[in-house]
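One structure is given below, encoded as structure tokens.
The values are calculated or read from the model by the stated rules, or taken from the named source; none is laboratory data. All values derive from a computational prediction rather than experimental measurement. For neighbour counting, all protein chains shown are included, and Cβ atoms are generated from backbone atoms with ideal geometry for every residue, glycine included.
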């Protein structure tokens with residue numbers, strides 16, 4: 001795979017099965033290098049073929065009306081300052097019409113059960129900022145009295161709140177505000193009788209400094225807001241068809257890292273865990289892909305389950321009994337099921353397939369689209385070999401991508417972010433790009449990753465941080481070198497982003513075998529991260545049970561900067577200037593230290609980008625990032641004469 005191939009494949013997300021069970025609306029996104037943006041459109045499978053259904057270039061979140069006559073979606077214009085608005089298109093086609101003009105756009109939409117209105121979550125200006133024009137907002141000093149006051153990929157948040165609205169699908173009336181106050185709402189869901197809407201919101205006094213959201217219900221008749229479930233680490237709200245509330249996550253707000261289970265709220269307000277016995281997460285992390293919450297089939301539900309590099313589909317009954325439905329060495333996302341359970345649509349991807357739309361119908365599975373067919377045929381994609389390594393008596397899932405040929409190849413050890421995420425049986429343009437450039441790619445899911453249960457994902461908390469994970473990736477690297485003769489043990493590079501940037505910097509401060517390193521958007525100083533990151537106030541307690549000032553010594557000892565004086569590996573530090581997750585000051589500190597002590601280093605800064613640069617940044621920036629990484633490794637790994 002080469003740089004030119006980045007604009008040749010499409011990503012498919014958010015499939016929505018028509019209530020009639022035949023049509024499927026889904027979102028298709030592709031890089032547009034000429035315009036330096038993404039072309040996102042709603043496509044339609046009409047029962048015979050798939051075709052673009054909307055004109056783009058910024059269409060997403062398709063949602064069928066309950067009677068199937070209309071499709072609502074979010075439309076964002078081509079300009080950077082454009083905000084996503086609700087648009088409606090007839091099921092038979094035609095031109096869509098926008099029915100909102102919200103100053104800050106709309107973020108979530110759900111049709112009411114009777115199809116007469118659409119519930120939405122949208123940001124609105126706070127009173128202090130509402131009457132200012134755009135120029136005044138840019139000039140005005142920002143008075144901050146809460147955290148977080150900015151959020152990665154969103155920007156400043158101190159001047160706005162996310163509230164719940166009702167929108168008329170004809171666009172004739174102004175959106176009706178349902179919630180207010182100094183709070184933010186998320187993850188809305190209609191109660192099946194249409195009389196109330198469930199949602200998540202952090203309304204506890206320590207919000208910002210302590211994690212967790214409560215589950216609320218807005219009564220549309222009285223306007224009352226009722227708290228239904230206490231503060232927890234929740235991600236989804238959903239109702240069974242008979243109105244019984246279910247939530248996804250964990251009741252302990254400090255439980256992270258853990259697994260996300262589906263819990264049923266009983267009549268007395270207690271919660272019953274329906275999926276915890278799986279010891280797997282039902283909320284798999286999938287960048288740029290809409291994760292599917294529980295999908296109801298009567299009193300049962302379908303859910304995706306993360307499992308050792310795979311994501312599969314299971315059916316769960318009210319007793320928690322699990323029936324496997326779909327699996328295989330692949331990642332399944334975006335499940336949308338017909339109410340009677342007879343069929344469901346989904347997107348499936350594997351290491352040599354960016355994804356296609358599938359349908360499961362009465363026990364059989366069909367692939368509905370060939371949108372990426374030409375790309376798969378022409379791009380020289382490499383299938384990895386999967387193997388496991390035992391480290392400290394724990395099994396570690398591992399993969400090796402080898403270029404074609406027989407000659408020895410330099411090695412790139414890749415480390416994922418999170419750490420509570422997973423590499424696996426999915427298409428990853430990064431690996432295909434590096435193997436296409438002639439590198440052998442080694443990747444694994446060390447302890448701390450998701451997909452192997454609670455004990456595994458929590459292994460890097462407290463004294464495990466930087467210890468068991470570094471042992472695991474080192475064990476995998478050494479096993480790969482023993483197993484694959486073509487991997488050149490004298491030419492090894494290491495790289496990673498976010499948590500992967502942490503572990504990369506941590507390793508090169510302790511191990512001289514690495515001849516090249518790329519530290520990208522890394523967590524490099526826990527001490528400064530605690531005050532500068534949008535999640536800094538809680539992340540240190542999640543993993544190290546420490547926060548400054550009392551825990552500053554512990555935080556510093558767990559930081560790569562504390563051992564940066566031992567780094568001699570040539571290191572490219574790569575950072576985005578609008579990264580609020582691992583802010584640019586993290587990279588600035590590492591670069592300054594390395595430069596001062598004479599290490600071969602460069603600092604590459606991307607203006608206007610956030611933490612998600614590698615996945616959803618500007619297309620040209622993504623290409624420049626790939627070029628810079630490959631050129632850096634070429635400079636330090638491709639020459640056989642290591643003395644030069």
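Just wondering, is there one or more residues in region 18-30 that are surrounded by 13 or more Cβ atoms within 10 Å (Cβ to Cβ) and touching a helix residue (DSSP H, G or I) at 6+ places or on another chain (Cβ under 7 Å)? Can you show your working first?
Going through region 18-30, the residues surrounded by 13 or more Cβ atoms within 10 Å (Cβ to Cβ) turn out to be 18-19, 21-30.
Retained after the next criterion (residues that are touching a helix residue (DSSP H, G or I) at 6+ places or on another chain (Cβ under 7 Å)): 30.
Yes, that holds for at least one residue.
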For region 72-112, which positions are modelled with pLDDT under 95 and within 23 Å of the chain's Cα centre (by Cα)? 80
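Would you confirm whether or not region 556-570 contains a residue that is closer than 18 Å to residue 147 by Cβ and either in contact (Cβ under 8 Å) with a residue 12 or more places away in the chain or not in a helix (DSSP H, G or I) (or both)? First the steps, then the outcome.
Our first condition is that a residue be closer than 18 Å to residue 147 by Cβ; within region 556-570, this holds for none.
For region 556-570, residues closer than 18 Å to residue 147 by Cβ and either in contact (Cβ under 8 Å) with a residue 12 or more places away in the chain or not in a helix (DSSP H, G or I) (or both): absent.
Here's the yes/no breakdown for (1) in a strand (DSSP E or B); (2) buried (at least 20 other Cβ atoms within 10 Å of the Cβ); (3) free of Cβ contacts under 8 Å to residues at least 40 places away in the same chain:
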| residue | (1), (2), (3) |
| --- | --- |
| 163 | yes, yes, no |
| 174 | no, no, yes |
| 183 | no, no, yes |
| 194 | no, no, no |
| 200 | yes, yes, yes |
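Just checking, does region 404-412 include any residue being crowded, with 18+ Cβ neighbours inside 10 Å, more than 23 Å from residue 4 (Cβ to Cβ) and assigned by TED's automatic domain parsing to the domain that holds residue 482? Steps first, please.
Quick first cut of region 404-412, residues crowded, with 18+ Cβ neighbours inside 10 Å only: 409-412.
Those left that are additionally more than 23 Å from residue 4 (Cβ to Cβ): 411.
Next, only the ones that are assigned by TED's automatic domain parsing to the domain that holds residue 482 stay: 411.
Within region 404-412, one or more residues are crowded, with 18+ Cβ neighbours inside 10 Å, more than 23 Å from residue 4 (Cβ to Cβ) and assigned by TED's automatic domain parsing to the domain that holds residue 482.
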Residue pairs, Cβ under 9 Å, 6 or more apart or interchain, first in region 514-530 and over 17 Å from residue 416 (Cα atoms), second surrounded by fewer than 24 Cβ atoms within 10 Å (Cβ to Cβ) and modelled with pLDDT under 95. List them. 515/642
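Output the residue which, of all residues in region 326-346 that are farther than 16 Å from residue 23 by Cβ and part of a strand (DSSP E or B), is modelled with the lowest pLDDT. Working first, answer last.
Of region 326-346, the ones farther than 16 Å from residue 23 by Cβ are 326-333, 335, 340-341.
This time we only want the ones that are part of a strand (DSSP E or B), so: 326, 331-333, 335.
On the way: 326: 95, 331: 96, 332: 94, 333: 89, 335: 93.
Once the filter is applied, the top-ranked residue is 333.
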Going through region 237-267 one residue at a time, which ones are buried (at least 20 other Cβ atoms within 10 Å of the Cβ) and either assigned to a loop (DSSP other than H, G, I, E, B) or modelled with pLDDT under 95 (or both)? 253, 256, 257, 258, 259, 260
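Only residues that are buried (at least 16 other Cβ atoms within 10 Å of the Cβ) and more than 25 Å from the chain's Cα centre (by Cα): list them for region 297-321, please. Before the answer, list the steps.
Going residue by residue through region 297-321, those that are buried (at least 16 other Cβ atoms within 10 Å of the Cβ) are 297, 300-316, 320.
297, 300, 320 - these are the residues of region 297-321 that are buried (at least 16 other Cβ atoms within 10 Å of the Cβ) and more than 25 Å from the chain's Cα centre (by Cα).
Going by what's in this entry, would residue 598 be described as assigned by TED's automatic domain parsing to the domain that holds residue 524, assigned to a loop (DSSP other than H, G, I, E, B) and closer than 17 Å to residue 497 by Cβ? Spell out how you get there, then give the answer.
Working: assigned by TED's automatic domain parsing to the domain that holds residue 524: yes; assigned to a loop (DSSP other than H, G, I, E, B): yes; closer than 17 Å to residue 497 by Cβ: no.
The answer is no for residue 598.
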